[in-house]
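Below is one structure, written out as structure tokens; the observations come after it.
The values are calculated or read from the model by the stated rules, or taken from the named source; none is laboratory data. As the structure is a prediction and not an experimental result, all values here were calculated from the model. Because the Cβ atoms are built from the backbone with ideal geometry, glycine has one as well, and the counts that use them run over all protein chains shown.
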Amino acid sequence: MSPLTRPDLADLPSYIPGRSAPGAIKLASNEVPYGPLPGVVEAITQAAANSHRYPDMGVVELRETLAARYGVEPARVATGCGSVALAEHLVKATCLPGDEVVYSWRSFEAYPIIAAGAGATSVRVPNTAEHGHDLAAMAAAITDRTKLVLVCNPNNPTGTSVRREELDEFLAAVGEDVLVVLDEAYREFVTDPEVPDGLAAFGDRPNVVILRTLSKAWGLAGMRVGFLIGAPAVADAVRKVLTPFSTSAAAQAAALAALAATGEMRRRCELVISERTRVFEAVRKFYPAVPASQSNFVWLPLGEQAAPFAAACADGGVLVRPFAGDGVRVTIGTPDENDAFLALAEDFWSRSG
Ligand code: PMP
């Protein structure tokens, strides 16, 4: 650790990306397996011709397109270099050093990193025995120092989700002095009508921000485009702390092209959703503790077997995402990819009894 940098960063774990390797099947990063949507590559190529110019810093066309699509004013929309950057900017826009950010744990592994990066204090509230958010405990964890609560719905990496009624109660308990971020990175994969579309259900509340991404269902993980919808004053504060020009020209063009291909995006999501059901039912036969998933991955709460299970999958050419001592997250791939994973899983379970 350099004496020139903050000493508290010494203990901060680094973000661990899902592994990839040539020739391997990658089911490690919750990407969709089908390649860019139609029109995306062409849009990026066209944007490349102007790459000696800065992008539109106001991201006007994309923000207007998103606003029209989701039925809100453009002033309520901010875009960023992935939704993870927006989550970071939300912490920056709300917390002074020592202020608290509450989230469930285990949840998205970037949360502790972005909180610490902004000098905020993480308050992690353990998940329920069913691997979901304990919203009552999260509400109870709020103090005078709490400025932000992150609710990941569906939750990464467990795939669990909270229902509308539960969120209603939670928001009532939290009150209006704390900003609540509904991180809906996996919203497009939700099929349970009880799991609310946060924007439709709570988007008009002044202390609620909806965080979405084009990395997952929209297939643009490599382009880095996320967006948030919040009260105009909150979106404005976020835009002020954004790294200037952080939504690149290629990212803006790719996002506009992807958004124009909604029908194909939905068709691909339906494929992922039907494969999710198949994979879930198959893994449940071996491992009944697997929670139902509303996202494009399943969570295997394997405890100490997480690392050996992931290693066995990697040896067989399938990369999944282990969380040592806790569980393994497996992204839903194409039917063939899922078959390859299920064969390895079956083999592992038959050997480990
Ligand atoms: N939120 C959640 C819950 C996620 O799982 C992810 C990606 N793994 C993100 C946000 C960030 O996605 P991106 O920065 O690619 O938009």
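Some observations on this one:
- Among residues of segment 222-239 that are without any contact (Cβ under 8 Å) to a residue 12 or more places away in the chain and assigned by TED's automatic domain parsing to the domain that holds residue 251, those with a beta-carbon under 9 Å from a residue that is within 11 Å of the ligand (Cβ to nearest atom) and not in a helix (DSSP H, G or I) at least six positions away or on a different chain give the pairs 222/31; 222/215.
- The test for being away from the ligand (no atom under 16 Å from the Cβ) and modelled with pLDDT under 95 holds for residue 175.
- Tally, over segment 150-165, of residues that are away from the ligand (no atom under 14 Å from the Cβ) and buried (at least 18 other Cβ atoms within 10 Å of the Cβ): 0
- Counting only residues that are in contact with an Asp or Glu (Cβ under 7 Å, 6 or more places away or on another chain) and among the small types (Gly, Ala, Ser), segment 304-353 holds 2 of them.
- Residue ID - surrounded by the fewest Cβ atoms within 10 Å (Cβ to Cβ), chosen from residues in segment 299-327 that are over 19 Å from residue 289 (Cβ atoms) and of a type in the set (A, V, I, L, M): 311
- Segment 111-149, subset among the β-branched types (Val, Ile, Thr) and assigned to a helix (DSSP H, G or I), residue farthest from the ligand (Cβ to nearest atom): 113
- Residue satisfying all of: in segment 51-65; in contact (Cβ under 8 Å) with a residue 24 or more places away in the chain and not in a helix (DSSP H, G or I); farthest from the chain's Cα centre (by Cα) among these: 53
- Candidate set from segment 89-110 (those that are assigned to a helix (DSSP H, G or I) and within 15 Å of residue 152 (Cβ to Cβ)); member that is farthest from the ligand (Cβ to nearest atom): 91
- Test: residue in segment 292-309 that is closer than 30 Å to residue 41 by Cα and of a type in the set (D, E, K, R): no
- When residues of segment 209-224 are limited to those that are part of a loop (DSSP other than H, G, I, E, B) and within 12 Å of the chain's Cα centre (by Cα), the one farthest from the ligand (Cβ to nearest atom): 217
- Scanning segment 225-274 for residues that are aliphatic (A, V, I, L, M) and outside any helix (DSSP H, G or I) yields 225, 228, 229, 231, 242, 260, 261.
- Counting the residues of segment 156-183 that are on the phi > 0 side of the Ramachandran plot and in contact (Cβ under 8 Å) with a residue 60 or more places away in the chain gives 1.
- Given (1) surrounded by fewer than 19 Cβ atoms within 10 Å (Cβ to Cβ); (2) outside any helix (DSSP H, G or I); (3) touching a strand residue (DSSP E or B) at 6+ places or on another chain (Cβ under 6 Å), index of the condition residue 330 fails: (1)
- Residue in segment 7-50 that is farthest from residue 111 (Cα to Cα), counting only those that are free of Cβ contacts under 8 Å to residues at least 24 places away in the same chain and either assigned to a loop (DSSP other than H, G, I, E, B) or among the charged types (D, E, K, R) (or both): 49
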